[in-house]
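**Q** Below are the structure tokens for one structure; questions will follow.
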Amino acid sequence: MAWALKLPLADEVIESGLVQDFDASLSGIGQELGAGAYSMSDVLALPIFKQEESNLPPESDNKILPFQYVLCAATSPAVKLHDETLTYLNQGQSYEIRMLDNRKMGELPEINGKMVKSIIRVVFHDRRLQYTEHQQLEGWRWNRPGDRILDLDIPMSVGVVDPRANPTQLNTVEFLWDPSKRTSVFIQVHCISTEFTMRKHGGEKGVPFRVQIDTFKENEAGEYTEHQHSASCQIKVFKPKGADRKQKTDREKMEKRAPQEKEKYQPSYETTILTECSPWPEATYVNNSPSPGFNSSHNSFSVNEGNGSPNHQPEPVVQLADNLLPTATPQEAQQWLHRNRFSPFCRLFSNFSGADLLKLTREDVIQICGPADGIRLFNALKGRVVRPRLTIYVCQESQQGREQHQKHENGDGTSNTFFVYHAIYLEELTAVELTEKLAQLFSISPRQISQIFKQGPTGIHVLVSDEMIQNFQDEMCFVLDTMKAETNDGYHIILK
């Protein structure tokens with residue numbers, strides 16, 4: 001049995017009116033967008049779709065990058081799907097970064113069998129802190145004198161050649177590596193995220209950092225200035241074992257969420273892959289600055305520029321004392337720093353005149369340059385020389401006796417004349433050293449001095465030994481007398 005629904009006349013009129021209105025609205029859309037139908041390209045041109053399109057990765061992101069860097073630390077599970085990964089690190093703990101060659105066959109053949117240079121730096125993720133990075137790092141340096149923000153764990157690293165850490169760049173390290181060989185570098189981050197928070201009342205969130213790696217190849221001049229690849233990732237640094245607790249807390253929070261909520265978050269990955277980014281702006285300065293040891297022959301090892309470097313070329317001997325004068329201009333102060341092997345700090349003191357540098361206290365210099373270079377720079381600024389361990393004054397008895405005889409003949413009993421003494425500086429405090437210094441004073445060979453005696457009580461002659469010299473008082477005065485040796489053509493010297 002079929003059922004038929006009969007509408008009243010009024011309802012039929014209403015229905016027909018609605019259909020006509022709907023048709024008219026459709027035809028209106030067609031007239032606005034074009035002839036008979038709308039265009040999808042016009043719809044995508046709307047502002048809302050343009051904004052979404054700008055967030056999509058460009059086609060270049062699909063290309064295979066020449067290198068890949070993998071930080072061996074787990075990512076946080078409490079990160080939403082379309083957000084950047086976040087990795088927690090423990091302060092001072094060594095973390096491996098695998099440097100992988102990701103080139104296709106035949107790609108970049110110019111670096112085959114050659115080294116590339118990578119610069120690793122820890123920088124701020126927050127743009128507000130990026131603008132004040134220099135002030136933030138200088139404040140950290142003053143609070144933690146002698147410490148670095150980023151270090152390489154060289155014993156654990158593999159395939160790393162010529163690692164360097166510039167003392168003026170606490171957050172940067174650099175090294176060479178061969179892409180065709182296995183390379184793993186271990187880094188240590190010594191600052192924690194809460195050290196840079198605005199308010200420090202306890203319980204505040206720490207600021208995120210970024211680990212960025214910039215890689216360069218060698219140019220025709222042998223300098224590593226041609227940029228090849230850059231990648232970075234977001235990290236937070238906690239006190240020791242704090243990263244493990246934070247990772248566990250995030251995991252437990254995610255387990256309590258509903259299945260629908262979990263789908264909005266990324267899973268936790270065992271490693272962190274650094275994603276491609278723009279090269280760091282200051283990379284040009286780092287690469288153009290002189291860095292001894294970065295050349296075609298990779299045989300030397302040096303952590304930073306300093307004294308005793310195997311590659312350090314001996315400087316010409318300067319006859320006059322190279323003291324920094326208060327009237328020196330900033331340019332002259334820069335030249336003085338270069339001459340005295342303080343090149344790594346030239347940029348830091350670029351606006352300092354001679355007077356500015358000389359006003360620095362010992363504590364100031366140590367906090368700025370670190371203990372070793374700070375003490376060396378302070379001593380150089382003050383023009384300090386190494387004080388000898390022992391100083392004695394000697395005068396030849398023949399000279400003294402001759403002057404006294406002349407005074408006696410002239411009938412002059414006053415002591416207007418003075419005796420000339422010579423200073424002898426001893427460092428080793430040995431009889432052999434004293435023999436050499438006395439031979440130099442007499443302009444004879446040390447072999448011509450047979451023995452050295454010291455006149456003791458009642459005129460006895462005591463043989464001078466190392467122990468006796470070590471018990472000499474500083475700035476003692478002696479009159480030297482010589483005696484012909486009986487066994488050879490040498491002389492005995494008596495200290496009176």
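The values are calculated or read from the model by the stated rules, or taken from the named source; none is laboratory data. Since the structure is predicted, the reported quantities are computational estimates derived from the model, not experimental observations. Here the Cβ is made from the backbone with ideal geometry for all residues, glycine too, and neighbour counts use every protein chain on show. The area values use the complete protein model at the heavy-atom level, side chains included, leaving out ligands, DNA and RNA. Shrake-Rupley method; radii C 1.70, N 1.55, O 1.52, S 1.80 Å.
**Q** For the range 438-451: of the residues being open to solvent by 70 Å² or more (accessible area, probe 1.4 Å) and not in a strand (DSSP E or B), which is nearest to MET476 (Cα to Cα)? Break it down stepwise before answering.
**A** Looking only at the range 438-451, we keep the residues that are open to solvent by 70 Å² or more (accessible area, probe 1.4 Å), and these are 440, 443, 447-448, 451.
Adding the requirement that they be not in a strand (DSSP E or B) leaves 440, 443, 447-448.
Numbers: GLN440: 19, SER443: 22, ARG447: 25, GLN448: 25 Å.
For the range 438-451, the residue satisfying everything is GLN440.
**Q** Determine whether LYS454 is of a type outside the set (Val, Ile, Thr), at pLDDT 85 or above, outside any strand (DSSP E or B) and open to solvent by 40 Å² or more (accessible area, probe 1.4 Å).
**A** On the way: of a type outside the set (Val, Ile, Thr): yes; at pLDDT 85 or above: yes; outside any strand (DSSP E or B): no; open to solvent by 40 Å² or more (accessible area, probe 1.4 Å): yes.
Judged against the criteria, LYS454 is not a match.
**Q** If you don't mind, another one. When only residues in the range 457-480 that are touching a residue at least 40 places away in the same chain (Cβ under 8 Å) and open to solvent by 40 Å² or more (accessible area, probe 1.4 Å) count, which is farthest from LEU429 (Cα to Cα)?
**A** Initial filter on the range 457-480 (touching a residue at least 40 places away in the same chain (Cβ under 8 Å)): 469-470, 472, 474-480.
Of the ones still in play, those that are also open to solvent by 40 Å² or more (accessible area, probe 1.4 Å) are 470, 474-477.
Working: GLN470: 6, ASP474: 12, GLU475: 14, MET476: 14, CYS477: 16 Å.
Of everything passing the filter in the range 457-480, CYS477 is farthest from LEU429 (Cα to Cα).
**Q** So, one more: Just one of the numbered conditions (1) more than 16 Å from the chain's Cα centre (by Cα); (2) open to solvent by less than 50 Å² (accessible area, probe 1.4 Å); (3) among the hydrophobic types (A, V, I, L, M, F, W, C) is not true of VAL158; which one?
**A** Unmet for VAL158, out of (1) more than 16 Å from the chain's Cα centre (by Cα); (2) open to solvent by less than 50 Å² (accessible area, probe 1.4 Å); (3) among the hydrophobic types (A, V, I, L, M, F, W, C): (2).
**Q** For the condition surrounded by 12 or more Cβ atoms within 10 Å (Cβ to Cβ), outside any helix (DSSP H, G or I) and either among the small types (Gly, Ala, Ser) or modelled with pLDDT of 85 or more (or both), what is the one hit in THR435, THR391?
**A** One residue alone meets the criteria, THR391.
**Q** Here's something else I'd like to know. Anything in the range 172-183 that is surrounded by 22 or more Cβ atoms within 10 Å (Cβ to Cβ) and either out of contact with any Pro (no Cβ under 9 Å at 6 or more places or on another chain) or not in a strand (DSSP E or B) (or both)? List them, or say none.
**A** THR172, TRP177, PRO179, THR183
**Q** Since GLN331 meets every condition but one in (1) part of a loop (DSSP other than H, G, I, E, B); (2) surrounded by fewer than 14 Cβ atoms within 10 Å (Cβ to Cβ), which condition does it not meet?
**A** Result: GLN331 passes all but (1).
**Q** A further question follows. So, in the range 94-120, of the ones that are open to solvent by 80 Å² or more (accessible area, probe 1.4 Å) and in a loop (DSSP other than H, G, I, E, B), which residue ends up modelled with the highest pLDDT?
**A** LYS114
**Q** Look at VAL123 and say whether it is at pLDDT below 90, touching a strand residue (DSSP E or B) at 6+ places or on another chain (Cβ under 9 Å) and assigned to a strand (DSSP E or B).
**A** Details: at pLDDT below 90: yes; touching a strand residue (DSSP E or B) at 6+ places or on another chain (Cβ under 9 Å): yes; assigned to a strand (DSSP E or B): yes.
Criteria met by VAL123.
**Q** Right, another one. Yes or no: the range 473-480 includes at least one residue that is among the aromatic types (Phe, Trp, Tyr) and over 16 Å from THR391 (Cα atoms). Quick ask: steps written out before the conclusion?
**A** So the first thing to find is which residues in the range 473-480 are among the aromatic types (Phe, Trp, Tyr), and the list is 478.
Adding the requirement that they be over 16 Å from THR391 (Cα atoms) leaves none.
Scanning the range 473-480 turns up no residue that is among the aromatic types (Phe, Trp, Tyr) and over 16 Å from THR391 (Cα atoms).
**Q** Just checking, does the range 160-170 include any residue being in a loop (DSSP other than H, G, I, E, B), at pLDDT 90 or above, among the hydrophobic types (A, V, I, L, M, F, W, C) and over 19 Å from HIS134 (Cβ atoms)?
**A** Of all residues in the range 160-170, those in a loop (DSSP other than H, G, I, E, B) come to 160, 165-170.
Add one more test, that the residue is at pLDDT 90 or above, and what stays is 160.
From what is left, the residues that are among the hydrophobic types (A, V, I, L, M, F, W, C) are 160.
This time we only want the ones that are over 19 Å from HIS134 (Cβ atoms), so: 160.
Yes: the range 160-170 contains one or more residues that are in a loop (DSSP other than H, G, I, E, B), at pLDDT 90 or above, among the hydrophobic types (A, V, I, L, M, F, W, C) and over 19 Å from HIS134 (Cβ atoms).
**Q** Listed residues VAL286, VAL237, VAL207; which is open to solvent by less than 30 Å² (accessible area, probe 1.4 Å) and modelled with pLDDT of 90 or more?
**A** Values: VAL286 fails: modelled with pLDDT of 90 or more; VAL207 fails: modelled with pLDDT of 90 or more.
Just a single option satisfies the conditions, and that option is VAL237.
**Q** Another question, if that's okay. Of all residues in the range 353-372, count the ones that are in contact with a Ser or Thr (Cβ under 9 Å, 6 or more places away or on another chain), assigned to a helix (DSSP H, G or I) and of a type in the set (Gly, Ala, Ser).
**A** The qualifying residues number 2.
**Q** A further question on this structure: Does PHE186 qualify as being touching a residue at least 40 places away in the same chain (Cβ under 8 Å), closer than 22 Å to HIS125 by Cα and open to solvent by 20 Å² or more (accessible area, probe 1.4 Å)? Talk me through it step by step, then tell me what you get.
**A** Working: touching a residue at least 40 places away in the same chain (Cβ under 8 Å): yes; closer than 22 Å to HIS125 by Cα: yes; open to solvent by 20 Å² or more (accessible area, probe 1.4 Å): yes.
For PHE186, the condition - touching a residue at least 40 places away in the same chain (Cβ under 8 Å), closer than 22 Å to HIS125 by Cα and open to solvent by 20 Å² or more (accessible area, probe 1.4 Å) - is met.
**Q** Would you confirm, using the coordinates I've provided, whether ARG141 is at pLDDT 85 or above and either open to solvent by less than 70 Å² (accessible area, probe 1.4 Å) or assigned to a strand (DSSP E or B) (or both)?
**A** Details: at pLDDT 85 or above: no; either open to solvent by less than 70 Å² (accessible area, probe 1.4 Å) or assigned to a strand (DSSP E or B) (or both): yes.
Criteria not met by ARG141.
**Q** Something else about it: Tell me yes or no: at least one residue of the range 219-228 is in contact (Cβ under 8 Å) with a residue 24 or more places away in the chain, surrounded by fewer than 17 Cβ atoms within 10 Å (Cβ to Cβ) and within 20 Å of the chain's Cα centre (by Cα).
**A** To start, the set of residues in the range 219-228 that are in contact (Cβ under 8 Å) with a residue 24 or more places away in the chain comprises 222-225, 227-228.
Next, only the ones that are surrounded by fewer than 17 Cβ atoms within 10 Å (Cβ to Cβ) stay: 222-223, 225, 227.
So of that shortlist, the ones also within 20 Å of the chain's Cα centre (by Cα) come out as 223, 225.
Looking for residues that are in contact (Cβ under 8 Å) with a residue 24 or more places away in the chain, surrounded by fewer than 17 Cβ atoms within 10 Å (Cβ to Cβ) and within 20 Å of the chain's Cα centre (by Cα), one finds at least one in the range 219-228, hence yes.
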